[in-house]
Amino acid sequence: MFVELFKPGKIGNLAVKNRIFLTPMGNGSMQNPDGGFSERVKDYFESIAKGGAGMIITGSTLMTRVTDSDGRKSLSTVFYDKTYVNGAGEMCDALHRWGCKACIQLTPGDGRLWTIMGERPTSASDDLPTVIGPNIPSRGATIEEIKQIIDDYRNVSFLVKVAGFDAIQIRAYGGYFTDQFMSAAWNKRNDEYGGNLEGRLKILMEMIQAVKEGAGEDFPLIVKMSPVHYFEGGRTIEEGIEICKRLEAAGVDAIHLEKGSYENWWEVIPPAHIPLANQVELSEVVKKEINIPIMAHGKLGIVPALAEEALKEGKTDFVGLGRSLLADPEWPNKVKEGRLHDIKPCIGCQMGCLNRIFHDKYVSCAVNPRTGNERERTLIPADQKKKVMVIGGGPGGMEAALVASHRGHEVTLYEKNSELGGALLTAGTVPFKKQLEMLRRYYIIQLAKAGIKVKCGRKVDQHLIKKHKPEVIFVATGSKPHFPPDMKGTSLSHVYTVEQILLEQTEATFPGAKMAILGGGEVGCEMALYMAEKYPHLKITIVEALEELCSDSFINIKWYLERRIKELGIEVKLKSKAVAINEKEVVLNNGSFTADSVIMALGFNANREILDTLKIEETEFETEVFAIGDCIRPRKVIDAVWEAYDLARSI
C-alpha cells in the first residue's frame, strides 16, 4: 500500500533510505547551557530515528554571534566553533545507528521577528517593525557584519562536516533573517545587498558559496525557502520560481519549500483548522520548473495516504513530517508495517510544541508526554500489580487506563455516557477539529487491544466501589458548561450549550437570522466559525468580556481565528458582558442587541461530585484516589493527558 514513501532517495550524493524526513522545528530549552546539542536533544532525535525516519533536519541552529552575541536571546540551538563539535557528533552517531541521516539547519538569526532582550534586532534594513512582543524597530546589518556572517558560515560548515552531519540546510524562508534580505517587502537597502532580485539574493548566494568552501563542493546542501508569502507586497510565485532556478544553478542539491511568513503564520505552521496537505499544490508547481529534488511538508502525516499520494503523483520528492513525529515517533515504522490504527495522531493544538517553546520550555507534544523527555518518562513495569478503577472516559481517563495497563495493572474504565471520548466526542464533530475524533478512535482501539475492561453507560457510586474494591482510583470526570448564576434567561428554549449543538442533543431550529455567542475564548470563536460556515444566513455576534478574543489560545491559533472571524463578517463586542437573555434580546452591561438564538460558551466548571465524595471517604475505601484533567479545573487536552501519564507512571 505504501510503496513510494519507502523507496530510497538521493540528495546530491547523499543516499537516504526512504522519503521521510523530520522537518526542522525549534527545540525550545532542551539545549546545553551554552546553547549546544545536549543529551536531551540526542534522545529526542534518536527516538525519531529509531522510529524509521530517513533523515532528520535539526531545528534552526545559530551559527554566528553577529546577531546574537551570547546565544541565549535566540530560541535556536547554537554552533559557533569547535567547542560544539563533540556534542553534535554524539548526536549524529545516535542517528546513524538507526540508518538515519543527520542534516543541520544553519541560520544567522531571526531578524526583525522579535526582540528577546529589549535590543533592536539585527535585520536586512533599519526600522522594520517586530512581529511578536514589544515593537522595537530593527537595525540593518552593516557590510562588515554581513561579511562576518559569511565567514562564520564557511568556518561552521567545515566543523559541521567534522562532527558527522550528512548535509546542511540554509534557513532562508518564512520571513526570518535571510528571507528579510531576499524580499523587497523587508529589504530597503541601497547598497550591493539590496535593490533588484540579484542584489537581494546576494547574501544567500554568498552563504551557498561559503558552505561549499567550508564543507566541500560536493557536500549535500539544501536551501529552505518560501516561494510565495501570501501577503500584499510579499513574494509572488513567479519570483519564487525564479529564485529556485537560481538556487539550482548555484549548485544547491535540493530545495525545501514552505509557503507563507509570520504575516500569515497559520499557513507556515497550520493548526487544526487548516486543511490537510496544505502545501503540496505549491510544491507541485515549483517541481515542474526545476530538476533537483523538492522537499515538501504541511499536514501530510495526519492521513498517511496523503503523503504516499504526494510522492506518487510527483508533487514532491521527499515528504516532511513535523508534529506528526512528535505525536508518534514510530510513524514511519507503523506505516511500513500497515499498523495505521496504532499511530497516535497530532491534534493540531500547538500547545505541547509551539506554545511550550514560546514559554522557553523544551519542545514536546500534547498527546505524547515522552517527546523531549524520552529518558525520564520511560514506562517500566510496576513493582506490584494493582487493581485500578478509572472513572471517566475522556482523554485523561483513557490515557491513564492505557499507561496503567501497559505497566501491568488490572484496569477497568467506567464511562457514564454510552460512548467514550468526553470532550473529544463533542469537539471532534466539528469539521475542522476532526483530528480530535481521530485521537478518540485511537484510544478506543488501543483500549481494546490492551484488553482493558470498558464499562460504558455505567455511573460509578460508592456501592460500585465497595463491591469491586479497587486499590487505585483515577477520577477523570471532566467538566460541565458554566452558567453565570446571576444571568437571567439561560433556561429559555432558544438558549443552547455548545454540547447540545454539536452532539445534536436538542432540535436546534435557530429561529430568525440573528445569533449571539456568549464568550469569545477559543471555544466561542470556533463555534462562531462553525455556525457561520454551516449556516451562512446567520448574522452572528460574539460577546466577550475581555479586551481581545481568544485570550486562551496560542498566538498562531488566535491570529487565524481573528482573521477568519473578520473574513466571515462576524460582529464582535469586546469589553462587554451579558447580564440577561430575553426572548429576542441579549442585554449587556453596556447596551443590548437583537438575538433570535443564543449559544453559551462562557467556559466550564470542574465536575467534582465524585472526586469530592471519594476524597472524603478515601480512608474508608482504603483506596488511593487521584484526580486528572478538567475535574481539577477546566484546561486543555495537554493537561489531561500529561497528568494521566505521569500519575499512571507513579502507581
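Just in segment 175-276: which GluC sites (Glu not before Pro) are loop by DSSP and have at most 14 other Cβ atoms within 10 Å? Listed in order of number, the matching sites are Glu192, Glu217, Glu232.
Among the lysines of segment 90-207, pairs that are 8 or more positions apart or on different chains and have alpha carbons within less than 24 Å of each other number 5. Against the set [x] 16, 42, 27, 13, 2, 0; [y] 18, 47, 30, 5, 0; [z] 16, 43, 32, 8, 0, the structure's computed P(r) over Cα pairs in 20 Å bins from 0, in percent falls on [y].
Dividing the alpha-carbon radius of gyration of segment 532-589 by the rule-of-thumb value 2.2 N^0.38 Å gives 1.24. A simple spin-label model places the labels of Asp360 and Val579 4.3 nm from each other, with each point 7 Å out along Cα-to-Cβ. Rounded if a/c is under 1.5, else prolate if a/b beats b/c, else oblate: with a ≥ b ≥ c from the C-alpha gyration tensor eigenvalues square-rooted, which is segment 203-250? Verdict is prolate for segment 203-250. Convex hull of alpha carbon positions in segment 103-225: directionally averaged projected area 7.4 nm².
Using a simple spin-label model with pseudo-atoms 7 Å out from Cα toward Cβ, Glu609 and Ser29 lie 4.0 nm apart. Once you have a ≥ b ≥ c as the square roots of the Cα gyration tensor eigenvalues for segment 346-471, tell me rounded if a/c is under 1.5, and otherwise prolate or oblate according to whether a/b is larger than b/c. Verdict is oblate for segment 346-471.
A Cβ-based charge dipole, computed about the Cα centre of segment 303-446 with Lys and Arg at +1 and Asp and Glu at -1, lands at about 300 debye. Annotation: amide H of Val572 within the under-5 Å range of Ile542, sequence separation 5 or more or interchain, hydrogens built in the peptide plane.
Dipole magnitude for segment 517-651: computed about the Cα centre from +1 point charges on Lys and Arg Cβ and -1 point charges on Asp and Glu Cβ, it is near 800 debye.
With R₀ fixed at 22 Å, the C-beta to C-beta distance from Arg635 to Leu503 puts the FRET efficiency at about 0.55.
Roughly how many percent of the accessible protein surface of the chain is carbon and sulfur, given a 1.4 Å probe and a whole-percent answer? That share works out to 49 percent. Close amide H partners of Ile11, meaning residues 5 or more places away or on another chain with modelled amide H under 5 Å apart, are Val16.
For the pair Asp486 and Arg375, the difference between a 0.36 nm per residue extended length and the Cα-Cα distance amounts to 34.9 nm.
Dividing the Cα radius of gyration of segment 1-125 by its Kirkwood radius returns 1.03 for Rg/Rh. Listed by chain and number, the aspartates and glutamates whose alpha-carbon sits under 20 Å from that of Lys336, ignoring those within fewer than 8 places in the same chain, are Glu4, Glu46, Glu308, Glu309, Glu313, Asp317, Asp328. Quick one: if the Förster radius is 30 Å, what FRET efficiency do Lys336 and Glu419 give, using the C-beta to C-beta distance and rounding to 0.05? Efficiency, from the Cβ-Cβ distance: 0.40.
Rounded to the nearest 20, the Cβ-based charge dipole of segment 248-332 about its Cα centre (Lys and Arg +1, Asp and Glu -1) stands at 100 debye.
Taking loop as defined by DSSP and a crowding limit of 13 other beta carbons within 10 Å, which trypsin sites (Lys or Arg not before Pro) in segment 94-153 fit? Here the trypsin sites (Lys or Arg not before Pro) that fit, given the DSSP loop and packing criteria, are Arg97. Loop-resident trypsin sites (Lys or Arg not before Pro) (DSSP state other than H, G, I, E or B) in segment 328-430 with no more than 12 further Cβ atoms inside 10 Å of their Cβ: Arg339, Arg375, Lys385.
Could you grab the Rg to Rh ratio for segment 456-521? Cα atoms only, Kirkwood for Rh. With Rg and the Kirkwood Rh in hand, the quotient comes to 1.14. Measuring from a point 7 Å past the Cα of Phe432 along Cα-to-C-beta, which residues in segment 515-533 have an amide N at less than 15 Å? Residues passing the 15 Å test: 521-533. For Asp461 and His96, a Förster radius of 45 Å and the Cβ-Cβ distance give a FRET efficiency of 0.20, rounded to the nearest 0.05. Please go through the residue pairs Lys386/Lys466; Lys433/Lys480; Lys312/Lys433 and name each one whose alpha carbons sit more than 26 Å apart in this structure. Exceeds cut-off: Lys312/Lys433.
A full extension of the chain between Glu533 and Ala545 corresponds to an added length of 1.9 nm, given 0.36 nm per residue minus the alpha carbon distance. Of Phe604, Phe510, the order by accessible heavy-atom surface (1.4 Å probe, DNA, RNA and ligands excluded), from most exposed downward, is Phe604, Phe510. Heavy atoms of the protein chains alone define the surface here; on that basis the chain has 39 Å² accessible area per residue at 1.4 Å probe size. Length gained on full extension, Lys566 to Glu192: 130.5 nm, using 0.36 nm per residue less the C-alpha separation.
The values are calculated or read from the model by the stated rules, or taken from the named source; none is laboratory data. Worth saying up front: this structure is predicted, and the values here are computed from it rather than measured. Because the Cβ atoms are built from the backbone with ideal geometry, glycine has one as well, and the counts that use them run over all protein chains shown. SASA here: full protein model, heavy atoms, side chains in, ligands and nucleic acids out. Shrake-Rupley method; radii C 1.70, N 1.55, O 1.52, S 1.80 Å.
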